[in-house]
Each structure stands twice: as C-alpha cells, then as structure tokens.
C-alpha cells in the first residue's frame, strides 16, 4: 500500500477567471516503487483537490494527451515511473507544456498544432515496412503481407514544448509538424508530397530549426523529429528545379 | 386568459424549439450517443468532468472486439461485436488498426476448446480461418513456440481517445456542444421530472444550471452514483481489471488465448507497447482503484505464455479501470460471468421523467448502445427520425476543436 | 470533407495492389495552386549559401589567421608588412575571398537570428537592408585593398 | 482536446523572442551548442565591424598605423585576441557539426559530437593563447 508522502509543486491557474497562475504545493500519499507520476497526479485530484484540471486517458503512452513537464523535463507521466524522477523526499515540480496555449492548470489546448497536422493531411495509421524487424529482432519476410500500425507520433507535443526555437517564435511550424511532413514524404500513401514539401520549405519551416535536438531527446515514442527535419532538408535540397517548358 | 398550464401538459409553444438533451459522460457511450442525437436534430450538450475518455473508455486495451472471445459463452454480445466491428471499420477507418487477431491454443485445455469455439463463431457469424503452426509463426514470429491450434479472427485495435474524438467531432459539426472539465453535481428534479443539471466548471470554478428535456446518464461505472442523484437505483457493478503495458511492439496482431475467458488471456499491440489484459475484481469506488500486485504478476505470467517476449521486460505502464457490469452486487463475486451486453434504463418506469441511464457493454459496441439510447430518448422527445449512424462516416478526430 | 463513401480507408492510401477497389481521395478542396514540383525555396538557397560560405570561411580564415598573426613578427603586421603581404597575388585573392564570405555569412547569420523576431514583411525589409550593408562592406573592403596596393610605397 | 475556454494565448514578447536561446536547458547539450553558437556569432559580427573600421587607419600611411600597433600589441588587446580566436574556432567547428547534421552525418550521437567540438575548440584556443601570450 502506498505509504510515503510526496510533495507535489503543481502549476495551478487559480480562479476566479484562472488568470492568476503559480505553483501550489500539495502533499499526497505515494508508493515510490509502484506508482507512475500520473497515478500521483490523479491521486491529488481524487483525494486532495478535485479542482485540479489535467488530461489523461489511456495510461499507457498510446493517446498522448497527458504530456506535462516533470521537474522541467517534458514527459508522459503515464509511463514515467515515480522512482525514476523522485528521490523520495524533495518536492516534484509538475508544469503544463510550454509553447502551446494553456487551458487551465496542467491541461493545454493542442488545436493549433493539430490544425497544421490536418493541413498536411497527416494520416493516423501507417503501413508497416515490408520486412518488419519487430521488437524481438526477428525479421518477417515481405510476402507475409503488410500489417498496419498507428503512426509512432502520439501528437503529445512534448517536442514542441522542448524546442527552444518554438518558445521564441510561435510562427515556427515546430518539430511535431515537420516530423509528420517527413513521414508523408517518406511514405506518401497517396498523399500530395510536393504540396507538403512546399508547406515546410519556408523560413518558418524546416530552415528555422537550429539542430538543438531537444525534441528527439524528449520524444516518448522514438520518432526522432531532429533527424526527420534534417532528412526533409536533404529532400528539399535535392529537389531539381523543373526545366522550363516541362509539362506541369 | 390566465389558463394555467399544469406541469404535465407542455404548452404548444415549446415544441417549435428543437428538443434538447444533456449527455453526462464523454466516454465512448456518451460520445456515440451525442453523435446519434445530433444527427437526429436534437440539441445536445455533453458534460464531462474530466478529459474525454478519461474514465473507463480511456483505460481499456483498445481491442476492437470481433466477438470471438464471447462466442461460446455470450452469443448475444458476440453478434453485437461482429456487426459493430464492421460498422466501425466503415464509419471510422482512420482510427483503427485492422490487422486481425489470432486465437492460439498453447495447452491441452486450449486444444479442447477449439471445437466449441469454431462452432460458436460460425453461429455468431464471425468469419474465422484456421492456420497451421508454421503459417502462424510466419505471421507472428514472436508468438509462443508451442502452438497446438491457431484460428485467425477479424479482431482490430483502436485508440480509445481518438475514437471518442471522432464521434464528438462529428457531433459538434452537427450542432452538439461539449463542456469538458464540467462536473455534474446535482440533478434539478421538479416534481417527478428531471429538468436539468447543476454543473461546476472545474477549469473556471463557477457553478451553473443547464436545462434540457432529457438527461442521459452515460457515466459507465459511475452510473449508480449519478442515478442516485435522482433517487433511482441502477444495478451497475464496477468491476476493475488490470492491464500491463510492456515496451516493444513484438506483434502486429491481437493474440488471444484459445480457451474459456480467463485472466491475462489477451496480448495486443498498442503503438510501441504491448498491452496484456485483463483480470477482474469488484471495486466500490471507481475513482480509487488499488491494483493488487499478484494480478500484475499474473498478467506477466499468462501473457508470457502467449508472447514470451514480455518476460523479463519492465512494465511501461500498469493501469486499471472499472468496467460497468450490469447485475446485482450479490452476484458480482463471479465478475466475469455477468453478461457483457449493455442495457438502457428508461427511469420513467421508476417514476422519474426525462432521465435515462445507459451502461454495461464495451467500447466496440458504443454505436449500438447509442442507437438504443437515442431511440428511447427520441421517443420521449417526439423526434421521429431513424438512426443513421450506421452509414454516416465520422469526421477526422482532428476536427474536434473546429466543428 | 469530401463525402467519400468508398469502401476502405479514407485517409490511409493503401497501395492499389493491396486493395484493388481503393480510389485515392481527391486532393479535397484546396487545388494545387502554386505548388512547386521542384526547385529550392529562397530559404533553402539562403541556407545553402550560409553553409557554403561557412565551409569556405573555415579554410580561408585559417590561412588569414596564420598568415597575418602567427607568421608575422610579434603577431601584428606593420604597414609595410601589410602591403608586402597583399602584393602576393595568392594572398590578395585569399583576403578577397575572406572578405566576401565573412560578410555574406555574417549577414545571413544575423538574418536567421532575426527570423525568430520579425514577421514576414519586416523580415523582407530587414533582409534587403542587410544585403545592402553587405554589398557596401565588400565594396569598402575591395576599395581599401586596391587603395593600399596602388598607394606610393 | 478541450474546446478552448479560458485559453491564455500569449504570444511571446520582444525580449523573449530576442533572448529565448539564453534560457538554459542543461539537460540538452544541443541547447548549449546553439546558445554558444549564437553568442559567438554576435560577438564576431561586432568584431567584424570594428575590424573593418580599424583597417581604414591603414590609409593615412605607415606612421598612423604603426602607432596603432603599439596599442594593439598591449596585454589587454592580446587577451581579447585570444578570446576572439576561441570564439571563431568554436563557431567554426560547431557550424561544421550543424551543417553535417543536415547532411545526415552524426545524427545519432549528437551529444558526443558536441563534447568533441567543445574539447577541440578549448584545446586550440589554449594553444593559440599560449602562442600569443608568451
């Protein structure tokens, strides 16, 4: 049974109109060995303060709605074990993601990023590569037919929060959208690759990335947006100009 | 003229205004009900105390049931599942992984179950195909080495949150309104009729009243609690089940144990993880579920028998949600024996007007649950439009915020 | 959204071979206005110029530093020393290349740090300003070198 | 995925836009390389302008210039030179690393490469410093 007490410094946007914001410390019981960070956040809501607003749904890194910053680091609290981030006595600081509009407390509104993904028509399901090296390293031969899989990207926006460039310039498309564009270029699936490459080939697109690689460091799903942005750059540099008079 | 309109007689003037309904709960049932009612022209307001699918729906393993698991024991649930699976594949293809599933016998008991299983599937209309061990291992190399029998079934995988979002995006496009982080604290009952709800907006802290002709209680395991606000008793038994997520996508299809339903009889891929489900124990408060450690070990043990790759892997997430099973608390001890089908309670029979509860069932059958509920609600509201949710394709979940 | 009632996936374009009946969705509402099927954008070309000048700088600057400061007595060249150094044709060429690439690289660097700050229109104006400043600096440098070379000994 | 009710959409102020790269993210070495790259870049641009202005003194003949050399040879200026060399060396090496990333080189071990750049540039600067200051 959880026996220890954990002090959580939660970012709270206090009433009445949620415009005053700041850290509020709440103590709640915790089981350092078994709990995940989300379990502890949920316990604050269930036992200490029901006005806490936070997002959670699947609890196993499949829906991407619960991303927050734990001790300044973007993480999915549902798969972050408490023992990995809490030393047992100091307070745990939990803030909402930055660079995305805040709704209240720990809940952000991802609409602006989702709209750009919609503009790219970034599909949600992908076809598994022909010969799949599944996690156990066993290679599957091609003629077994293709299986389908959700895109690796959970659209949790942890990368957008980690990216310094995105914190300075809201016009920047952001690592999530650029990684999605690269996925379309890599596996078009009847998508319009040229249209997507044009959307990202701008000053506020691929060329504003400063190769900080913070996005790839925090991505919980191994999408590695940094490498994908660089791949997009190579594709864009290789795009031969159309000779004049060639059919459109 | 001073004619006094008695409470039960509704003056004609109100009928030109479109009928309105409140759906409490934005899980799969609430979202699908909002979509169905919105399609029929009812003004719907969805009130959810937390995030969409933050209750039971979110924390399920996301199996798009082909119904094969229930074929032998619960034919009714099985046929519901297979018909709904085909409907969902047609109306919301974008959020489904239709890789199919495998029922695998890894011991003698499983082999014995093969005969009744094949008959029951045929009876329930579930298309299945028998595979030999070699073919099974070619499809899914990470599956256990001892395969006594293998049957392919049309299982699928979905992401619960995005399926609910697809329903709600379409509902909002048809005029429904959704208020997240709004907790219903009491029902406004006048005489014997529920007139509306008092809701507290957790993100701003203010309390206000929302009026509607009908209030639909689609709160899953909390249905009993909400129904009690109107003094009505609903036989819902919250039954928790643990699920363990292990890092590494070792299989692409749903791997079920060919045997009678038991603990840890399913391993399915969810993005980069494998989810092993599930177990069953009754709980009284769905908000605070403490997961018994032996259940987790059992998941690893049983799950490993199907896909050995999970042994020795750290658990990436251990989570549990309370499923709403219909039944008296007395017979809850046999948790899994309760029928998994759903039921819609029109509380007019309990003397309370304008209040309906829908509970039980599974996310796969959310659309069918919504159809039944909407039919009852529309009958009460005098709306004579048929249900069209079988063929109207859902909008992309990404349009949720824009609808 | 186009009410496509095609069977199968609306978004996921499965290869035709797998699902013969599948018709890929039309590119919905937005026609392909102005979609470039090839060629690099201005931002792409500017990045390439930045990278090229950077690479050139590494070499040229190394020569400059070594030649001007490490080979020269006491680390600094007096007037005569400077002129003699510039008289060698190779040295002059290297100094001109250094001048050109360092000015261009500096202007592009400043511009890319202003991309975070300025909006579209302001960025275009500032880029123009930087380009002029760059050209002026290069002109000034060339004039300086030629003045030194032609000045009476 | 809530409908944005009390959504506070604050676009960053001018100071944030100008100086976001100074906000430390110690756990991301990439941030350190980027911040140093931009800092050295600004310093080198300033020096470039000063350098071009100073060179104009060459025009009024050897006497004026040689007198200037006396000042530039003094201790503080030499230390300044060493710092400038350190800035140039780091900026150059880090620039090469970043450009290489775009061409797909070193994408998997960015942290190691940043450490290499930092070490090599400090060593070279120390050498230059020793050469100049002794």
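Laboratory data are not the source of any read-out in this text; all were calculated from the coordinates shown. Since the model is a prediction, treat every value here as computed from it, not as a measurement. When we count neighbours, we look across all protein chains shown, and the Cβ atoms used for this are built from the backbone with ideal geometry, even at glycine.
Could you work out the helix-only [θ] at 222 nm for the protein assembly as shown, with each DSSP H run of four or more residues adding -39,500 (n - 2.57) and the total divided by the number of residues, to the nearest 500 deg cm²/dmol? Spell out each step's value before the answer.
Numbers: 27 runs with 364 residues, N = 938.
Helix-only estimate at 222 nm: -12500 deg cm²/dmol.
When the distances between all Cα atoms of the stretch A:4-108 are binned every 5 Å from zero, what whole-number percent does each bin get?
3, 13, 26, 27, 20, 8, 3, 0
Please work out the FRET efficiency for the pair residue D:67 and residue D:22, using the Cβ-Cβ distance as r and a Förster radius of 45 Å; give the result to the nearest 0.05.
Working: r = 39 Å, r/R0 = 0.88.
After rounding to 0.05, the efficiency reads 0.70.
Using 7 Å Cα-to-Cβ label points, what is the residue D:130/residue A:47 separation (nm, one decimal)?
Distance between label points: 6.2 nm.
In bins 5 Å wide, starting from 0, what share of all Cα pairs of the stretch B:27-137 does each bin hold, as a percent?
Bins of 5 Å from zero give 2, 10, 15, 18, 18, 14, 9, 7, 4, 3, 1, 0 percent of pairs.
If you line up the Cα atoms of the stretch C:42-150 on their principal axes, what length do they span on each, largest first, in Å?
49, 25, 22
Across every pair of different alpha-carbon atoms, what Kirkwood hydrodynamic radius in Å does the stretch B:52-116 reach? Write down the numbers at each step before the final one.
Details: mean 1/r = 0.0726 Å⁻¹.
For the stretch B:52-116, inverting the mean 1/r across all distinct Cα pairs yields 13.8 Å.
Once a ≥ b ≥ c are taken as the square roots of the eigenvalues of the Cα gyration tensor of the stretch D:28-133, is the result rounded (a/c under 1.5), prolate (a/b larger than b/c) or oblate (a/b not larger than b/c)? The partial results should precede the final answer.
On the way: a/c = 3.40, a/b = 2.21, b/c = 1.54.
Prolate, since a/c reaches 1.5 and a/b exceeds b/c.
For a footprinting-style exposure proxy, rank B:388, A:98, A:228 by other Cβ within 10 Å, fewest first. Walk me through the intermediate numbers first.
Details: B:388 11, A:98 16, A:228 24.
Fewest-to-most Cβ neighbours within 10 Å comes out as B:388, A:98, A:228.
If the elastic network links every pair of Cα atoms under 10 Å, which of A:47, A:74, A:171 fluctuates the most in the Gaussian network model of chain A?
A:47
With the convex hull built on the Cα atoms of the stretch B:84-216, state its orientation-averaged projected area in nm². Kindly include the intermediate steps, with their values, before the conclusion.
On the way: hull surface 54.6 nm².
Reported value for the Cα convex hull: 13.6 nm².
Sorted from fewest to most neighbouring beta carbons within 10 Å, what does the list B:385, B:362, B:380 look like?
Details: B:385 12, B:362 26, B:380 17.
Ascending Cβ contact count within 10 Å gives the list B:385, B:380, B:362.
Pop the C-beta distance of residue B:129 and residue A:234 into the FRET formula with R0 = 45 Å and round what comes out to the nearest 0.05.
Numbers: r = 44 Å, r/R0 = 0.98.
Efficiency at R0 = 45 Å is approximately 0.55.
Apply 1/(1 + (r/R0)^6) to the Cβ-Cβ distance of residue D:120 and residue C:66, taking R0 = 25 Å, and write down the FRET efficiency to the nearest 0.05. List each step's numbers first, then the result.
Numbers: r = 17 Å, r/R0 = 0.69.
The computed FRET efficiency comes out at 0.90.
Give the order of A:163, B:344 when sorted by the count of other beta carbons within 10 angstrom, beginning with the fewest. Spell out each step's value before the answer.
Numbers: A:163 30, B:344 23.
Listing A:163, B:344 from fewest to most nearby Cβ atoms yields B:344, A:163.
What nm value, rounded to one decimal, do you get for the distance between residue B:109 and residue B:207 when each label is placed 7 Å out toward the C-beta?
That separation, rounded to one decimal, is 5.2 nm.
From the square roots a ≥ b ≥ c of the eigenvalues of the alpha-carbon gyration tensor of the stretch B:196-330, which class results: rounded (a/c under 1.5), prolate (a/b over b/c), or oblate?
Values: a/c = 2.78, a/b = 2.02, b/c = 1.37.
Prolate shape, in that a/c is at least 1.5 and a/b is the bigger ratio.
Cut-off 10 angstrom, C-alpha nodes, Gaussian network model of chain B. Which of B:124, B:223, B:142 fluctuates the most?
B:142
On the principal axes of its Cα set, how long, how wide and how thick is chain B? Give whole Å, largest value first.
Principal-axis extents of the Cα atoms in chain B, largest first: 85, 40, 37 Å.
Any number yet on Rg/Rh for chain A, C-alpha, Kirkwood?
Values: Rg = 20.8 Å, Rh = 20.0 Å.
That ratio equals 1.04.
Among B:110, B:264, B:27, determine the one that fluctuates most according to a GNM of chain B built with springs between C-alpha atoms less than 10 Å apart.
Looking only at B:110, B:264, B:27, the largest GNM fluctuation is found for B:110.
How far apart, in nanometres, would the label points at residue A:32 and residue C:150 be if each is projected 7 angstrom from Cα along the Cα-to-Cβ direction?
Output for this residue pair reads 8.0 nm.
Let me know the shape class of the stretch A:54-109, please: from the alpha-carbon gyration tensor, a ≥ b ≥ c as square roots of the eigenvalues, rounded when a/c is under 1.5, otherwise prolate if a/b is greater than b/c, or oblate.
Details: a/c = 2.36, a/b = 1.32, b/c = 1.78.
Taking the square roots of the gyration eigenvalues as a ≥ b ≥ c, the stretch A:54-109 is oblate.
Two-decimal Rg/Rh of the protein assembly as shown from alpha-carbon positions, Kirkwood Rh? It would help to have the intermediate numbers written out before the result.
Values: Rg = 33.0 Å, Rh = 31.2 Å.
Across the protein assembly as shown, the Cα-based Rg/Rh ratio is 1.06.
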